[in-house]
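These notes concern the structure reproduced below.
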Amino acid sequence: MIGKSVFRALNGKQEVVKRCSKIVIRASSTVPQMSLPSSSENSNPLPFFRSIQNSPSLHASNNSGQFYTIDPSIKKQLFLYGGIPKTFDELCNTFKETCMMIREPALEIMDYMKSTNFNNAATRYCLYGKIGTGKSMTMAHVLHYGFENSFVIVHVPWAPYWYKFPKEYSDCPTKEGMVDLPLDAVAWLIHFKNQNSHLLADPNLSVCQDWEWSKREITKKGAPLAEIVEMGINRVKYSTNCIEALLQELKQLSDLKRCKTIVVIDGFNIFFSDKTKIKTAAFEKIPPKRVTITSPFVDITKQDWSNGAVIVSVDDLAFFRKDQRNTHYPRGLLGPEGFEHLDPFIPIETKNYSEKEFHYCIEYFLERRWIINPHAASEEGRKELAFISNRNPFNLLKVTAPL
Amino acid sequence: MATTMLHKHRVSVLFSFGRSLFVRLNVLQGEFGLHQKCSGYSRPINTLSASEAIAEIKNMPDESRPMPAKKPISKAMKAYLLQAKNYDEFMKKQNTEFQIGRRHLANIMSMDADTMSQEDIDQAIEFLFPSGLYEPRARPMMKSPELIFPPKKAAEFDESGRPYHSLFYTMNPNFYGLLQDAVTEYIGLNKEEDNMIRKRISFSSDMKIILSGSDWLSQEKLSNLLIEQIDDAQYEQFKNVMLRLAEHPLSNKVKDFIMKYRYSLVNEAALAEIPKPSYEKDGRAYVTFKGARRKNAYADVTVHMPGTGKFLINDCDIEYFQDIQSREQITFPLIFTALLGKVDVTATAIQGGTTGQSGAVRYGLAMALRSFVDDKMVERMRLAGLLQVDWRTRERKKPGQPGARRKPTWKAR
């Protein structure tokens, strides 16, 4: 009798061990290119600054400060045409992995989104903070969350590009006094298509009304939404009109609960500035108001639709150097017009690293051998780094680059 | 006997020349920065004035034995005596004028003439006669005549024309005398070294002189000291000889001799006065250093000792400086003294640009941190250059050139 119970107990232990190893294997499969630590850390295979959770929907405050890896295929789908800041992208190439820190602002937004009543009007979140504190990174994180939860993504990676480095501009044929950015509009539609390719096949996403592009070209009611996108990509002339139509459709579809939309716009304050580099045919410089591509994106950030979320960031770098306002607060950057438009919104501040986040970041850099200098790894070295970079994420990266 | 007496008086006449001029180095102290008394001539010298000595000779009582007829004084000697007399009278007159002038000045400035120092006189003159001239030596000055008028050598040969100094015919007896003294010292050190080797006494590094913190007198200063014109070749020779002496393993024994011809590079007076911290109501110690300069910037820096590593510049945190270089500059004193995170710093910087302001804050911070750190660390800070004002300023643009150094484009033809 005793022998049997012992045997069962032994068996029970064996089962537990089997289960543990399964978990270990699963964790390692989500992190393809990492070297796993020694076998003594069987229960937690990753170092403390890495998160086992690579799915933003499952990120919680206990993951705060940890790095999670974005799968290369997801990165390609979401961020092929922009969304990950250039410097960070170079870092990812160096480290051969895309690892982002899970920080409070992103967790806050995702928390709110999980508990929002989507019957109400679309909530607007405004990300603000000093330069280099992680506004664009937070947006990328939230974008990933939106992608995972089957939101239709309307993403403008960096709005000022349209106004500072327009590919081509021409007077709008239909609207007087307005200027078109046809190629930029096409580029954006391609970006939209790439990000939402898995949703555009959904039969629920069908057009709610007729759209007449010209006498012969009409997209009829009930056609798939993808047709508008294709129309815009193929016919450069109508690309901005297609964007307008697309965004209006998305608003209506969200209202009808046929989809949920997440709007992510970086550098939103440029829409309310005075200057661009765009000129009319008469060489007159115009403000963003008179550019056709502005209005659909300003329109979608209004509160006249439901079942969605709008995340917007305001940045002093969005303005031209001479016009920079030396403030990082939304009211200052949006100006009276922009603030009135965006009000009411939930302001989310991005800050410099906390002590814990700083520690985790240094550990990550050491592990990736971004920091090789032994003094930098020591306690005194870390104090010095913290002081000189003021624990600003971007500054820390720059300061540790030569080390 | 008569001859010996005559000899004595000859000595008294010829070596007394306006209050032992050759040995008067207080003359040179103020102007040339020598801090030590120099007795380049080790022979005893009478302090009779030339005129007094001449009178003494004339008034000498007749001896019982008949004196031989006086040899005629050579023309050179006559010239020297005349020169000496004139110089003496001149200096006396200048001195009385200076004293009268001092009293007048004291009257004007309502100061006490007896306790007035040369510094007070300088300040008063600067106030009464403000000058926009760049060169300090061109500005009006009122100093003791010994400081203004250059010293003159005593007569170098006696009545018969026989020189006193054995090296007179080298034309620079003092200079070559100095070299010979150096060699004498060197030979002495060699003997000592031999003794030590014989007795098996070990040598240690503190038996050798430390030359850091001082430098050889410049050619000009050496010339003034020896009252002889020293040319480049001689100066090089001087440096070689003295260096050779200083390199001897026992050179610390002749330290006094060597240091006579060196000047200190360190302004020790300024560094010696480390301020004591004041105390806030809650007992925190703090020190303020005001007027730290770098280029055109000024900074006042306050350091509170039991602190948490806060750093405020003009009410902004370290992000006030955007570039890394400026941030590293202001961090350096804290890292060097290992007080990063242990003190609170508040600084105000005005004028100047980024580099100037950060340099000024760094200097001010280092000077303020002296009060919270032991002497060894202060010495290390001094060696690191933290306690030295960075005197470099923007170089002036010259006429005919586009910039300070930039020349117009060179054209072949």
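In table form, for the structure just shown:
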quantity	calculated
Subset of the range A:347-357 that is touching a helix residue (DSSP H, G or I) at 6+ places or on another chain (Cβ under 9 Å) and surrounded by fewer than 20 Cβ atoms within 10 Å (Cβ to Cβ) - its residue that is farthest from the other protein chains (Cβ to nearest Cβ)	A:347
Out of B:78, B:143, sole residue that is surrounded by 12 or more Cβ atoms within 10 Å (Cβ to Cβ) and modelled with pLDDT under 85	B:78
Residue tally, condition among the aromatic types (Phe, Trp, Tyr) and part of a loop (DSSP other than H, G, I, E, B), over the range A:196-213	1
Test: residue in the range A:171-178 that is assigned to a strand (DSSP E or B) and surrounded by fewer than 21 Cβ atoms within 10 Å (Cβ to Cβ)	yes
Any hit, the range A:327-346, residues being of a type in the set (S, T, N, Q), within 14 Å of chain B (Cβ to nearest Cβ), under 23 Å from residue B:340 (Cβ atoms) and touching a helix residue (DSSP H, G or I) at 6+ places or on another chain (Cβ under 7 Å)	no
Any hit, the range A:252-263, residues being on the phi > 0 side of the Ramachandran plot and among the charged types (D, E, K, R)	yes
Residue that is nearest to the other protein chains (Cβ to nearest Cβ) [pool: residues in the range A:358-403 that are among the acidic types (Asp, Glu) and closer than 21 Å to residue B:311 by Cα]	A:384
Filter result for the condition that a residue is in contact (Cβ under 8 Å) with a residue 24 or more places away in the chain and either at positive phi or touching a strand residue (DSSP E or B) at 6+ places or on another chain (Cβ under 9 Å) (or both), over B:394, B:370	B:370
Tabulated pairs, the range B:147-174, first assigned to a helix (DSSP H, G or I), second among the hydroxyl-bearing types (Ser, Thr, Tyr), C-beta under 7 angstrom, 6+ apart or interchain	B:170/B:176
Residue within the range A:342-365 that is closer than 28 Å to residue A:180 by Cβ and over 25 Å from the mean Cα position of the chain (by Cα) present	no
Residues that are touching a Pro at 6+ places or on another chain (Cβ under 9 Å) and either without any contact (Cβ under 8 Å) to a residue 40 or more places away in the chain or farther than 19 Å from residue A:65 by Cβ (or both), drawn from the range A:103-122	none
Residue under evaluation residue A:210, criteria (1) loosely packed, with under 14 Cβ neighbours inside 10 Å; (2) of a type outside the set (Gly, Ala, Ser); (3) touching a residue at least 12 places away in the same chain (Cβ under 8 Å), criterion not met	(3)
Test: residue in the range B:198-216 that is on the phi > 0 side of the Ramachandran plot, of a type in the set (Gly, Ala, Ser) and not in a helix (DSSP H, G or I)	yes
Verdict on residue A:83 being within 16 Å of the chain's Cα centre (by Cα), within 14 Å of chain B (Cβ to nearest Cβ) and crowded, with 19+ Cβ neighbours inside 10 Å	no
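The values are calculated or read from the model by the stated rules, or taken from the named source; none is laboratory data. Please read these numbers as outputs of a predicted model, since none were measured by experiment. Glycine also receives a Cβ, built like all others from the backbone with ideal geometry; neighbour counts cover every protein chain displayed.
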